[in-house]
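Reviewing the structure listed below.
The values are calculated or read from the model by the stated rules, or taken from the named source; none is laboratory data. Quick caveat, the model's predicted, so the values are computed rather than measured. Here the Cβ positions follow ideal geometry from the backbone for every residue, glycine too, while neighbour counts run over all protein chains shown.
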Amino acid sequence: MTDFPILTVTLLCPAAALLLTLLIPGRMDRLIKGVNALCALASLVLAIVIWIRFDRSVGGFQMTHDIPWVPSLGIHYTVAVDGAAVVLTLLTSLVFFTGVLSMWTLKERVKEYFAFMAALVFGVFGVFLSLDLFAFFFFYELAVLPMYPLIAIWGSTRKEYSAMKLTLFLMAGSVLLFPGLIALFVRSGGDTWNIIALAESGAFSRQFQIFVYPFIYIGFGVLAGMFPFHGWSPTGHVAAPTAVSMLHAGVLMKLGAFGIFRVAITCLPEGAAYWAPTFATLATIGIVYGAFVAMRQTDFKYIIGFSSVSHMGIVLLGLNVYAASNGASDIARDGAIFQMFAHGIMTALFFSAVGFIYDQTHDRDIRHFGGLASQVPVASSMFIVAALCGMGVPGFASFWAELLVFIAALQTYPVLGVCAIVGLIFTAAYVMRVLSTAMFGPRNPDWDHLVDVGAWLVTPRVILVAVLLLFGFYPTLILDMIRSVGAGGGP
Amino acid sequence: MGNLELFIPEATILAGAILVFTISVMGGSQRAGWIASVVMAAAGVAMSIVYVYADGEPFFPGIYRVDAFSQLLKVGITVGLLLTVLVSGRAESFRARTRADMPMFMFFAATGMMMLVSATELLTLYVALELSAYGLYILAVLHTSQREGAEAGAKYVLFGAASSAMTLYGVSLIYAAATTTYLSEIAQQPVTPLMVVGVLLALTGVFFKLAVFPFHAWAPDVYEASPHQAATFIGTASKVAAIGIIIRLMFLVGQGHAALTNVFLILCVASMTVGNLAAIVQRDLKRLLAYSTVAHAGYIMIGLACFSTAGVASAIFYGLLYVPVVFCAFLVVCVLGSDGRNPSKASLAGLYRRSPLLAFTLLVGMFGLAGIPPTAGFAGKWFLFSAAIESDLFWLVLVGALNATVSLYYYLLVIKEAYLTPPVDERPIAVSFATTVAAWLGIALVLFVGFYPGPLWVLAESAARAITGE
């Protein structure tokens with residue numbers, strides 16, 4: 001291993017995009033887009049290099065880069081990756097890159113848009129890479145706030161209301177996180193914010209864990225679209241512009257689930273096991289409820305928004321099964337993290353396809369469409385691929401992820417597992433409904449003039465489809481990576 | 001006599017006041033006086049930084065203490081002065097005939113504040129308190145509109161006089177209980193109920209200055225009716241001085257007397273909640289900032305209510321970072337209100353197009369006040385909350401964090417006006433060179449401390465140790 005701080009450089013890619021965007025005059029919008037695409041591409045390449053260089057046989061945390069930041073308070077800048085972080089870093093860079101490309105046609109306030117988006121991605125990378133709790137939360141809040149201007153300025157459909165609702169919901173989550181996270185630090189003796197050191201300090205009594213765990217779980221859970229605090233998510237999706245929806249569902253919601261995995265379950269295993277039945281039940285309700293509500297929606301984006309609630313429920317169910325087993329159920333953990341990845345790619349593809357259609361039609365009501373598959377065959381096929389993946393059809397990445405979670409759930413919580421699988425039937429129902437109404441069905445001549453995705457804009461979508469298929473047919477590639485989380489020790 | 005060299009930072013600011021006065025008397029232009037004041041304020045900041053590690057007593061023993069605590073707060077006060085002076089180049093909201101003399105009052109007030117944070121004897125402390133207040137009283141009256149000026153002046157002087165009277169009464173009770181006026185000797189005395197009442201009354205007077213609920217009623221009216229630069233100065237430098245004096249007084253009755261702790265906790269929660277709820281409905285930007293000051297006084301009280309080194313350090317840290325953060329917001333008020341009227345939230349419409357720099361400054365200021373990373377406000381909030389949890393005040397952190405979320409709502413509404421609402425008036429806003437410098441300086445300070453809080457935290461911690469003696 002060389003000492004090249006590859007994680008720091010990856011983290012600085014969006015920061016560089018942000019700084020360069022601020023320096024370039026606003027009228028040179030093509031240059032701004034180019035610079036952002038370049039920085040995003042750089043982060044994608046680095047993420048792939050990280051994937052290749054990560055030693056799966058050793059596992060644990062690797063490529064650590066540590067700088068004391070506020071020594072007298074024990075705050076460090078520490079970045080390191082384990083198998084889960086490698087996977088999610090790749091996801092983030094993929095969504096960043098394809099997100100920039102799918103906003104290529106943006107004309108309004110280009111400079112500000114890309115500045116806010118780069119700040120958001122900077123925060124997301126920071127969360128996935130940081131091991132220091134202070135830095136973790138710093139980046140976490142940094143990632144959330146740009147959503148407000150991004151939705152409120154460039155969004156549609158009640159954008160100001162949705163933007164404010166989203167921001168206040170997520171900040172209300174932080175209300176619980178503040179005391180919860182700081183209590184971990186204080187109770188462990190107050191010398192370190194390092195998450196691994198906190199987990200290994202053994203300073204948390206069972207009583208303390210049971211008291212603090214719900215604060216941290218719910219605090220992060222709000223961002224993961226946890227039922228019953230999911231209300232911000234569908235309205236936010238509907239209002240957000242395409243790339244923001246992609247980032248929002250693709251990676252931002254993963255921050256919440258990742259926070260639960262990285263901080264709450266790692267540091268408070270006993271508390272996690274104690275609360276697992278409660279939160280697993282809520283997650284299952286989320287799966288069924290999300291799918292149920294999605295069946296009644298007529299707006300493309302509401303359907304995907306509620307399907308996200310449902311799919312994130314699967315992630316949370318997996319995490320809770322993992323927590324209930326005291327870290328023994330590897331399948332549940334692997335499934336949950338795999339599902340984070342698969343869902344991120346899948347929703348990015350969904351929103352990318354819907355955004356493409358909406359940009360031309362300014363309509364998202366599925367009843368107003370029909371026969372899109374013959375009008376815009378390429379865009380429709382993207383949507384259909386995402387839809388099949390959402391249903392968990394074999395051959396796509398989600399299939400394996402959901403399979404793993406359900407197997408684990410059936411072993412631990414048979415009743416919840418069965419309910420969750422029933423939720424999948426509803427999922428199939430609403431997906432079929434959308435496909436039969438809008439994609440196939442009688443052709444609506446109003447939209448005959450639609451132009452299909454061009455050669456240039458198809459690139460990002462093709463990347464996403466390729467990734468879904470790659471991991472669908474060859475899941476070992478990613479499962480090996482995630483499984484290495486269990487191996488090895490600290491950094 | 002002690003080492004007079006230690007008085008150089010204060011002397012520089014005092015010299016600034018005299019220089020501005022001389023230029024004005026000799027018939028120099030307003031611009032000449034202003035340039036002199038910028039230079040002297042910058043020299044004051046430089047001197048405060050040079051002497052930040054100084055320690056000793058410049059005068060007779062026991063009355064005036066120069067230590068890590070006083071010197072750090074002096075840096076905050078002089079930075080507040082410099083930033084305010086930088087945006088006072090035209091000072092359109094002041095009455096025309098007074099514009100040349102206006103910086104003099106700021107300098108006198110700043111001298112008083114700097115002496116206040118060093119005073120360790122009750123009468124010295126009281127004299128410094130009055131010295132710092134008189135400059136501010138005069139500044140508040142000088143509004144171009146006679147009516148507004150008179151209103152601000154009358155309210156400020158009357159409230160101020162009442163609060164001074166409280167402090168003086170408290171001081172007399174402390175003297176009656178301890179039979180000495182030296183703080184170091186008072187702290188050695190056994191704690192009697194009379195002493196606790198005396199300290200509480202003395203603190204009450206200072207709570208007025210910091211605008212802690214329920215002593216905050218003057219703030220919105222005075223902010224609204226005083227000239228913009230005067231409000232800026234009251235809102236930045238004077239808060240630092242008030243925090244300093246509270247910290248000096250609160251440890252007179254030992255570390256955390258139960259009565260005092262309870263009073264601090266009640267005022268803290270009430271101040272945050274009332275300030276934030278009242279700020280939501282404000283339309284006038286200056287009134288909004290006044291209520292947000294009340295809320296922030298509450299946040300600072302979180303640290304103070306811990307009665308611990310970490311708590312005091314976090315309060316000092318927050319008080320210092322609050323200067324550039326709230327200045328960023330006031331700067332926009334000063335530029336937009338150059339016709340002498342108060343900018344409302346609606347007048348921010350389209351700011352991003354009329355002046356991208358002002359819009360960005362406002363964004364940084366509002367995110368800083370809301371405590372959003374990467375601004376300094378986030379680190380400040382985090383340290384305050386850490387101190388509270390160390391003192392087993394879990395519930396207080398919940399209340400504080402909840403308040404921060406409420407406050408985010410109205411800060412976001414301000415940002416929304418600036419960034420979303422299309423402009424009514426398309427004309428670009430001219431921003432003078434000095435104001436541009438001040439804006440970048442404020443932004444740089446807020447972001448630097450936000451990304452790298454280490455150095456300032458170390459200073460704040462050693463300042464707190466100088467008081468708690470740990």
Of A:390, A:472, A:423, A:417, which residue is small (Gly, Ala, Ser), free of Cβ contacts under 8 Å to residues at least 40 places away in the same chain and part of a helix (DSSP H, G or I)?
A:417
Could you figure out which of (1) assigned to a loop (DSSP other than H, G, I, E, B); (2) at pLDDT 85 or above isn't true of residue A:67?
(1)
Being within 14 Å of chain B (Cβ to nearest Cβ) and in contact with a helix residue (DSSP H, G or I) (Cβ under 6 Å, 6 or more places away or on another chain) is true for just one of A:70, A:86, A:35, A:79. Which residue is that?
A:70
Looking only at residues in the range A:175-215 that are small (Gly, Ala, Ser) and touching a residue at least 40 places away in the same chain (Cβ under 8 Å), which one is farthest from the other protein chains (Cβ to nearest Cβ)?
A:199
Report yes if some residue within the range A:122-143 is more than 9 Å from chain B (Cβ to nearest Cβ), within 16 Å of residue A:239 (Cα to Cα) and at pLDDT 85 or above; otherwise report no.
no
State yes or no: is residue A:113 assigned to a helix (DSSP H, G or I), within 14 Å of chain B (Cβ to nearest Cβ), without any contact (Cβ under 8 Å) to a residue 24 or more places away in the chain and not basic (Lys, Arg)?
no
Candidate set: the range B:407-419, residues that are facing chain A (nearest Cβ under 9 Å) and under 11 Å from residue B:280 (Cα atoms); chosen: the one nearest to the chain's Cα centre (by Cα):
B:408
Based on what the data block shows, is residue B:314 farther than 15 Å from residue B:212 by Cβ, polar (S, T, N, Q), part of a helix (DSSP H, G or I) and outside the structural domain of residue B:223 (by TED's automatic domain parsing)?
yes
Right, residue B:438: among the small types (Gly, Ala, Ser), crowded, with 17+ Cβ neighbours inside 10 Å and under 18 Å from residue B:52 (Cα atoms) or not?
no
Would you tally the residues in the range A:190-225 being of a type outside the set (Phe, Trp, Tyr) and assigned to a helix (DSSP H, G or I)?
18
Output the residue which, of all residues in the range A:149-174 that are among the β-branched types (Val, Ile, Thr) and within 19 Å of the chain's Cα centre (by Cα), is farthest from the other protein chains (Cβ to nearest Cβ).
A:151
Based on what the data block shows, is residue B:215 at pLDDT below 90 and crowded, with 16+ Cβ neighbours inside 10 Å?
yes
Candidates B:349, B:404 - the one that is within 11 Å of another protein chain (Cβ to nearest Cβ) and modelled with pLDDT of 85 or more:
B:404
Can you name every residue in the range B:362-396 that is facing chain A (nearest Cβ under 9 Å) and closer than 20 Å to residue A:169 by Cβ?
B:367, B:370, B:371, B:372, B:373, B:378, B:381
